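Notes for the one structure printed next.
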Amino acid sequence: MWRFVQISDPHLGSTTDGHWNNGFVGTMMPGVMRCLRRDLREIRPEFILATGDLADGSSRDTVFAGRDLIDWLGFPYYPMGGNHDFSVEESRRWFREAYHARLPGGRTYYSFTRHGLHFAVLDPLWLWRNNSLMPVPEPNTKTVAAPGEERGRWALPVEQLAWLDADLRVHEGQPAIVACHYPAIGIPERMRRPNMADAGCLENGGDLIAVLRSHPNVRAVFSGHLHMNIIEVVEGVTHVITSALPEYPTEYREVAVHEDRLVVTTRGLSDPSFAARSLIEGKEWTAGEAQDRSATIPLT
Ligand SMILES: [Fe+2]
Ligand SMILES: [Fe+2]
């Protein structure tokens, strides 16, 4: 048995404290990272899967400062970008430069294999109103939109879906995991609340699910972006969507990899004061129900 952990949406370098569904406390992240660094020493993961919104991507300095903090956790990791990482024209270049040593092939979408478990990491693009897919947001699109406001949209280009299909075909003899900042599925009805903030999912998540349908070796999809914990099984694939570190419940996932199964456990920080600072009473539901907090995923 070996372990990896998934952390999501640390939004490093964000100096604003605001609200999403709970308080979004960007300024507590240096303390959160110190606590996480200590806590991960107990778990001893082989690597961290960092599912996007890693830093404020609007300047080269914040991208590199975020990278330095993730380096400082002291474990190998696989980064991927989110809407906050890729918010300006230079963002992907800065991201590739900052994470050069971590990105297989130096690319923002890539695959790798650990102990026979294959991982494919995706990098969707911004979907403009004219339906073109672009590396940058459309002018006047808000990176963060309030409920009811028009927000960004994202989708996977057909070339990337074809790359994924080919990559999974090469590795069809191995169990596989897909990771992508944006979930392939929306927030399930059972979790919806009036006036909840919904960051949205992949516009063509159905196309991704269609690719996975022809690759039954894909057992799970790990995502973030929604800032809440959700686990849903769709067509035999377990979709694990994980909360954001600056926002209640400030949790991450520990994944124990056994010969025949993955065991996903949700972990909070050993210092509960960070979660308490973010929580707005009555909004505990972003932590998810029991089914959103642990899962056993068969690998065979
Ligand atoms: Fe985020
Ligand atoms: Fe996001």
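Filtering the stretch 1-38 down to residues that are open to solvent by 50 Å² or more (accessible area, probe 1.4 Å) and free of Cβ contacts under 8 Å to residues at least 60 places away in the same chain, which residue is nearest to ligand 2 (Cβ to nearest atom)? Within the stretch 1-38, the match that is nearest to ligand 2 (Cβ to nearest atom) is Thr16.
Val255 satisfies every condition listed in (1) over 23 Å from Met191 (Cα atoms); (2) in contact with a Phe, Trp or Tyr (Cβ under 7 Å, 6 or more places away or on another chain); (3) surrounded by fewer than 20 Cβ atoms within 10 Å (Cβ to Cβ) except (3). Among the residues of the stretch 65-85, write down those that are open to solvent by less than 50 Å² (accessible area, probe 1.4 Å), in contact with a strand residue (DSSP E or B) (Cβ under 9 Å, 6 or more places away or on another chain) and assigned to a loop (DSSP other than H, G, I, E, B). Within the stretch 65-85, Leu73, Phe75, Gly82, Asn83, His84, Asp85 qualify. Residues in the stretch 86-97 that are touching a Phe, Trp or Tyr at 6+ places or on another chain (Cβ under 9 Å) and open to solvent by less than 10 Å² (accessible area, probe 1.4 Å): Phe86, Phe95. Select from the stretch 276-293 the residues that are without any contact (Cβ under 8 Å) to a residue 60 or more places away in the chain and surrounded by fewer than 20 Cβ atoms within 10 Å (Cβ to Cβ) and list them in ascending order. Answer for the stretch 276-293, where residues must be without any contact (Cβ under 8 Å) to a residue 60 or more places away in the chain and surrounded by fewer than 20 Cβ atoms within 10 Å (Cβ to Cβ): Ala276, Glu281, Gly282, Glu284, Ala290. When the criteria are applied in full, Tyr109 fails the requirement of being open to solvent by less than 20 Å² (accessible area, probe 1.4 Å) and closer than 30 Å to Lys142 by Cβ. Does Met228 qualify as being crowded, with 24+ Cβ neighbours inside 10 Å and assigned to a loop (DSSP other than H, G, I, E, B)? So Met228 passes the test. On the stretch given as the stretch 231-250, residues that are in contact with a strand residue (DSSP E or B) (Cβ under 8 Å, 6 or more places away or on another chain) and away from ligand 1 (no atom under 14 Å from the Cβ) total 8. Based on what the data block shows, is Phe112 of a type in the set (A, V, I, L, M, F, W, C), part of a loop (DSSP other than H, G, I, E, B) and at pLDDT 95 or above? Against the criterion (of a type in the set (A, V, I, L, M, F, W, C), part of a loop (DSSP other than H, G, I, E, B) and at pLDDT 95 or above), Phe112 does not qualify.
The values are calculated or read from the model by the stated rules, or taken from the named source; none is laboratory data. On a predicted model such as this, the values are computed, not experimentally measured, just so you know. Note that we place each Cβ from the backbone using ideal geometry, even for glycine, and neighbour counts take in every protein chain shown. In case anyone asks, the SASA skips ligands and DNA or RNA and just uses the protein heavy atoms, side chains included. Shrake-Rupley method; radii C 1.70, N 1.55, O 1.52, S 1.80 Å.
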